[in-house]
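The block underneath contains the structure these notes are about, expressed in structure tokens.
Every number here is computed from the coordinates shown, using simple stated rules; none is lab data. None of these values were measured; they are calculated from a predicted model. Neighbour counts run over all protein chains shown; Cβ positions are idealised from the backbone, glycine included.
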């Protein structure tokens, strides 16, 4: 039997002989290695676009069914690896909702502080990569310097620069080390200084404005229809933010604004992220001022792993550690959906438990997946050169897009 290769149903040919179909990615550096854009072009104009994600195949959701609840934590790190702590906390929150546990106040404030700290790093990474792909190398190097300071500081707390695995079901792995908060203020001041430089370099730069303003424009209705959330949605002028609309952790106790754009174009998406960096810095400082004393984890041997020194010296702690590692936490049967305002938008975990030590089903509502799903509507009608800044402005992260 003759083998016939599968035929694409879209954009395999064009009715207009003057149009050309080209492939952009998945190996193009601006598509970050996992996305393929099949574009029908007329000269330099993109007439139609068919965007394919699916070259990473992480299998996060299926892997979660075969690991205990604690063992899933490192997998959540790799969803959005630019803000791993936000993924950690959202997943842990879903499990804790089914368990019905109440976190200690210090844990709640530390999770809020670290969520905003990691949001700063995520936005800086997005803006740095986007402007670098437009040729703004000075701005890129400034921003990556800031990110490196933040990563080194988080490394002092978690033991890792990028994928932290710092959360525990029912708390955190450890408390803050000595001098960490003092260093935090130094990093925040350093960040403010360099963010001010970026505003000076880009906000009135004619080349940057021409590449970003009135490019990739969308209305609030368009954004909602495609399921856009986060800075991408707020760039259209809609002040929708789960931290305000459905407060979780300590956000109800914090004073902050929700920056919004005007036109919903690439420039607005850049500017909203830059303004959110300022708001996150203010929220981190509020958390530091309000940070209470006390434990960072609940005292429940059915949920929390015992301290290592006790595992090595007490038989009860050793047995408890063995049971939690091998059998996992026994989460009551039920289902729950928990959503956090991640740097890219609504990050939700839909969890089903059958009462065993492993998730029966775990689905993640990844903002990047929905943003890529509607990306073709933003680049159709524009120029080929507009694909790169528009793609960068939605901040597609492959780990959560093709999860």
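Just a few scattered comments:
- Within the set (1) 39, 27, 17; (2) 47, 24, 17; (3) 46, 30, 22, the number that semi-axes √(5λ) of the Cα gyration tensor in Å takes when calculated for this structure is listed as (1).
- Peptides 226-234, 205-213, ordered by how many other C-beta atoms sit within 10 Å of their residues on average, highest first, read 226-234, 205-213.
- Helix-only mean residue ellipticity at 222 nm for the chain, each DSSP H run of n ≥ 4 adding -39500 (n - 2.57), per residue, nearest 500: -14500 deg cm²/dmol
- Residue 360-residue 162 pseudo-label distance in nm [points 7 Å out on the Cα-to-Cβ vector]: 3.7
- Between residue 309 and residue 262, the contour length at 0.36 nm per residue exceeds the Cα-Cα span by 11.4 nm.
- Placing dummy labels 7 Å off each Cα toward the beta-carbon, the span from residue 23 to residue 221 is 3.8 nm.
- Working from Cα pairs under 8 Å separated by at least six residues, relative contact order for the range 60-401 is 27 percent.
- Förster radius 30 Å - calculated FRET efficiency between residue 175 and residue 327, Cβ distance, rounded to 0.05: 0.65
- Per-pair calculated FRET efficiency, R0 = 45 Å: residue 253 and residue 377 via Cβ, rounded to 0.05: 0.70
- Highest to lowest packing among 237-249, 314-326, 69-81, scored as the average C-beta count within 10 Å: 69-81, 237-249, 314-326
- Taken along the Cα-to-beta-carbon direction at a fixed 7 Å, the label points for residue 182 and residue 61 span 4.8 nm.
- Helix 315-326 axis, angle to the chain major axis (alpha carbon atoms, nearest 10°): 30
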